[in-house]
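The values are calculated or read from the model by the stated rules, or taken from the named source; none is laboratory data. Being a predicted model, the structure only gives us computed values, none of them experimental. A quick note on method: Cβ atoms are made from the backbone with ideal geometry, for glycine too, and the neighbour counts reach across all protein chains shown.
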């Protein structure tokens with residue numbers, strides 16, 4: 001930790017002696033432990049949510065052919081679905097969802113050996129999904145809900161009429177007015193263009209995560225989260241929160257992982 005005394009420094013952050021740093025670090029440690037205990041309690045509260053039986057039939061396109069929701073469990077009792085923003089009219093997947101998916105790739109194998117199936121589901125046709133997955137170098141399972149109501153039922157896809165009338169319920173809140181996309185916010189326009197579509201089409205799909213359990217042949221929906229609720233599975237942010245300058249964001253800075261050289 002020693003610095004070279006011959007090299008001048010120009011810190012932009014308060015500095016201190018090692019002893020002062022350690023005292024501050026121990027204070028932070030107590031706060032971190034308290035947050036960990038709170039997070040553990042929150043997880044127990046999440047797992048204590050009542051289950052809702054899923055009686056509706058869904059048919060998905062998968063690499064193995066047509067599959068029911070029960071088939072997506074692939075022999076496990078638990079299913080985690082990442083609602084990846086990739087609408088039928090997109091040319092490529094959402095950049096934000098793509099950065100989350102970089103973390104899915106590493107976790108899916110471990111979860112599969114702990115009775116949890118982790119996969120992505122999107123509305124785009126399966127051929128588009130698999131081509132994009134190959135481009136990204138991912139291997140996690142990805143199913144297409146194209147032609148069924150799965151994304152609509154779990155509040156991650158909306159119709160043009162809903163968008164026009166402001167009748168969209170997302171993240172457990174009803175939008176009280178039609179979304180103003182003329183002109184769209186710059187990040188929305190940027191992401192839409194990167195997906196090869198317009199802002200209105202782009203925003204008819206949204207990100208989310210839903211959890212299901214299969215018990216005695218019956219499927220139950222146990223949990224869904226959206227928007228900032230996805231921060232915990234957006235692994236790059238967990239690392240940035242521990243970096244010296246934190247998230248340090250002034251706008252959209254991330255790209256698909258194969259686009260940084262071109263950015």
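Observations
- Of all residues in segment 101-139, those satisfying the criterion of being under 19 Å from residue 236 (Cβ atoms) and in contact with a helix residue (DSSP H, G or I) (Cβ under 6 Å, 6 or more places away or on another chain) are 103, 118, 138.
- Filter result for residue 133 (in a helix (DSSP H, G or I) and modelled with pLDDT under 95): no
- The numbered conditions (1) assigned to a helix (DSSP H, G or I); (2) under 28 Å from residue 256 (Cα atoms) are all true for residue 162 except (2).
- Scanning segment 236-258 for residues being surrounded by 10 or more Cβ atoms within 10 Å (Cβ to Cβ), in a loop (DSSP other than H, G, I, E, B) and in contact (Cβ under 8 Å) with a residue 12 or more places away in the chain gives a total of 6.
- Boolean, residue 167 is surrounded by 13 or more Cβ atoms within 10 Å (Cβ to Cβ), in a loop (DSSP other than H, G, I, E, B) and either modelled with pLDDT of 95 or more or more than 15 Å from the chain's Cα centre (by Cα) (or both): yes
- From 98, 144, residue being touching a residue at least 60 places away in the same chain (Cβ under 8 Å), surrounded by 21 or more Cβ atoms within 10 Å (Cβ to Cβ) and out of contact with any strand residue (DSSP E or B) (no Cβ under 9 Å at 6 or more places or on another chain): 98
- Output for segment 196-235, where each listed residue is in a helix (DSSP H, G or I) and exposed (fewer than 10 other Cβ atoms within 10 Å of the Cβ): 228
- Lone unmet requirement of (1) at pLDDT below 95; (2) surrounded by fewer than 17 Cβ atoms within 10 Å (Cβ to Cβ); (3) part of a helix (DSSP H, G or I) for residue 193: (1)
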